[in-house]
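A short write-up of the structure that comes next.
Rule-based calculations on the coordinates, nothing more; no lab input. As the structure is a prediction and not an experimental result, all values here were calculated from the model. Please note: Cβ atoms are built from the backbone with ideal geometry, for glycine as well, and neighbour counts cover all protein chains shown.
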Amino acid sequence: MMIGDQFLEVVAPTQDGTTAGRLLDKRSGDGGYMVLYEVDDLDERIEHVEGRGVRIVWAGDLGNIRGRHLHPRDVGGALVSIDEPVPNGAWRWGGPDWTAHVDTSVVSAIAGVTVGANDPAAMRARWSDLGIDTSVGFADAGNRGEGIDGVDLVATDRDRVGESFLICGVSFALV
């Protein structure tokens, strides 16, 4: 789903044994599972995280985009993807015509995410050390365990700020 020039991906695994499926199963079958960053310095960032013991669980290199998924056990709380499109903003993962579907009539951007953690301070420190803590908050995990618990969306209609919706175990708040 388009949110300004960003995406909210909905995943419903159709077979057993997928990474997303395993992460969702740990959280009672629904919830957020991935945080994805667009960067312009993928090689430097990967060198940085690997130097801190993070394993790469998936690598994709296409002509106009490169991406890496970081092992959730090495990061904590979520699968993290770091992607470098060329040029910046050319988001191949959205399909060839994604820009034609940009609609900012309700929300204009993703402002941030909240990750539930068994030890929020420790996870915050880990994400900070890895350089992936931009626009991420951390809160107590609760009974569903670690994972993405909230997404803040920038409301186009400022009168709607403060509204929130619970969808598949994730709280979406208009900010």
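Run the numbers on region 108-165 and let me know its relative contact order in percent, using alpha-carbon pairs under 8 Å that are six or more apart.
Here the relative contact order equals 49 percent.
Among rounded, prolate and oblate, which fits region 20-132 when a ≥ b ≥ c are the square roots of the eigenvalues of its C-alpha gyration tensor, a/c under 1.5 means rounded, and a/b larger than b/c means prolate?
oblate
Please work out the C-alpha center-to-center distance from region 6-81 to region 106-153 and express it in whole Å.
Centre-to-centre distance over Cα atoms comes out at 14 Å.
Among DSSP bridges having both ends in the chain, what percentage is antiparallel? Round to the nearest 5.
So the antiparallel bridges amount to about 65 percent of the total.
Taking the number of other C-beta atoms within 10 Å as the exposure measure, put Thr114, Thr18 in order starting with the fewest.
Thr18, Thr114
Would you calculate a helix-derived [θ] at 222 nm for the chain, using -39,500 (n - 2.57) for each DSSP H run of n ≥ 4 and dividing by the full residue count, to the nearest 500?
-4500 deg cm²/dmol
State the answer as a single residue: which of Gly60, Val75, Pro96 lies farthest towards the positive end of the charge dipole of the chain, with beta carbon charges of +1 for Lys and Arg and -1 for Asp and Glu, about the Cα centre.
Towards the positive end, the residue furthest out is Val75.
Taking springs between alpha-carbon atoms closer than 10 angstrom, which of Val113, Val154, Val102 fluctuates most in the Gaussian network model of the chain?
Highest fluctuation among the options: Val102.
Using a Förster distance of 22 Å, how high is the FRET efficiency between Phe7 and Ser171, based on the Cβ-Cβ distance and rounded to 0.05?
The value I calculate is 0.70.
For a quick check: sort Ser105, Ser81, Ser135 by the number of other beta carbons within 10 angstrom, fewest at the front.
Fewest-to-most ranking of Ser105, Ser81, Ser135: Ser105, Ser135, Ser81.
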